[in-house]
1. Looking at Arg118, Arg172 in this structure, which one is in a helix (DSSP H, G or I), over 24 Å from Tyr35 (Cβ atoms) and basic (Lys, Arg)?
2. Only one residue in Ala112, Ala168, Ala117 is at pLDDT 95 or above, crowded, with 17+ Cβ neighbours inside 10 Å and under 20 Å from the mean Cα position of the chain (by Cα), so which one is that?
3. Look through the range 19-60, keep the residues that are in contact (Cβ under 8 Å) with a residue 24 or more places away in the chain and not in a helix (DSSP H, G or I), and return whichever of them is surrounded by the most Cβ atoms within 10 Å (Cβ to Cβ).
4. In the set Ala128, Ala73, Ala139, which member is in a loop (DSSP other than H, G, I, E, B) and either in contact with a Cys (Cβ under 8 Å, 6 or more places away or on another chain) or more than 19 Å from Thr164 (Cα to Cα) (or both)?
5. Looking at the range 1-18, is at least one residue among the hydroxyl-bearing types (Ser, Thr, Tyr) and in a helix (DSSP H, G or I)?
6. Out of (1) under 15 Å from the mean Cα position of the chain (by Cα); (2) surrounded by 21 or more Cβ atoms within 10 Å (Cβ to Cβ), what's the single condition that is false for Asn126?
7. Condition check: within 14 Å of Asp65 (Cα to Cα) and either of a type outside the set (Ser, Thr, Tyr) or without any contact (Cβ under 8 Å) to a residue 60 or more places away in the chain (or both). Does Ala16 satisfy that?
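The values are calculated or read from the model by the stated rules, or taken from the named source; none is laboratory data. Worth saying up front: this structure is predicted, and the values here are computed from it rather than measured. Neighbour counts run over all protein chains shown; Cβ positions are idealised from the backbone, glycine included.
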Amino acid sequence: MTRNVRWFVFIGMLGAAAFILMATIQIPILPSAPYLRYDPSDVIGLIAAIIAGPVAGVAVVALKDGLYLLFRARSIFGPLANFIAVATFVGVSGWMLRGKRLTLSSLVAACAAGGLARVLVMIPANFAILNLQFGMPPARVSDLLLPVIIPFNVMASVINTVLTAMIALTIRRRGLMLPESSVLR
C-alpha cells in the first residue's frame, strides 16, 4: 500500500473506534451540569497524534464528530463544540509532542498545553455556540464559565491525559509504538 492509503486507513480505523466510544460511553462528570458528558473518544485522537502527528489526530477527531453528527446527534451544536474542544486539545498536544521522545513528562507537558488551549478556546466558543443553540445571552454564559465550562474542560483534559498515559506508555514499553520514520508521518 502506498503511504497515502495507509494514512487514510489509519485515520478511518481510529475515527471509527473513536465514534463507537463516543456513541456508547458518555459519563456526566459535573453534578451541576449533567448534560455535559465526558467520553473517552478523545484519547483515540490523542494517540493518533502521538503516532502520526497532530494532523492525523485532528483528522480522527473530525471523522469521529462527523460520524456522530450523521448517526447520533440531534443538532450540529454538540458535535461542533466537541470538535472545537477536542481538536484544539489534540492538535496542540500532538504539535508539542512532534519529534520528541514519548515520556510521561513530555506527555503531561504537552497535554497541559493542550488542556490550557482547550479551556481558552472554549470560553469564546461557548459564547457563540450557546447563543446560537439556546439563544443564551452573554451574561448567562458568563455565569456558567467558572462553575461549569472551565471545570468541565479542565477535568476532561486531565482524564484524557491520564488515560492516554496509561495506554500510550504501555504500548511504547512493549515496543508497539510506530517509530519516528513511520509511513504514517
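1. On the way: Arg118 fails: over 24 Å from Tyr35 (Cβ atoms).
Sole residue among the options that is in a helix (DSSP H, G or I), over 24 Å from Tyr35 (Cβ atoms) and basic (Lys, Arg): Arg172.
2. Working: Ala112 fails: crowded, with 17+ Cβ neighbours inside 10 Å; Ala168 fails: at pLDDT 95 or above.
Only one candidate qualifies: Ala117.
3. The qualifying residue surrounded by the most Cβ atoms within 10 Å (Cβ to Cβ) is Gly53.
4. Numbers: Ala128 fails: in a loop (DSSP other than H, G, I, E, B); Ala139 fails: in a loop (DSSP other than H, G, I, E, B).
The match here is Ala73.
5. Kept after step one, since they are among the hydroxyl-bearing types (Ser, Thr, Tyr), are these residues of the range 1-18: 2.
Next, only the ones that are in a helix (DSSP H, G or I) stay: none.
The answer is no; no qualifying residue exists.
6. Evaluating Asn126 over (1) under 15 Å from the mean Cα position of the chain (by Cα); (2) surrounded by 21 or more Cβ atoms within 10 Å (Cβ to Cβ) leaves (1) as the failure.
7. Numbers: within 14 Å of Asp65 (Cα to Cα): yes; either of a type outside the set (Ser, Thr, Tyr) or without any contact (Cβ under 8 Å) to a residue 60 or more places away in the chain (or both): yes.
The answer is yes for Ala16.
Each row is one residue, and each column tells you yes or no for (1) among the hydrophobic types (A, V, I, L, M, F, W, C); (2) closer than 26 Å to Ala48 by Cα.
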residue	(1), (2)
Ser106	no, yes
Val119	yes, yes
Phe127	yes, no
Asn131	no, no
Gly135	no, no
Ile150	yes, yes
Met155	yes, yes
Ile167	yes, yes
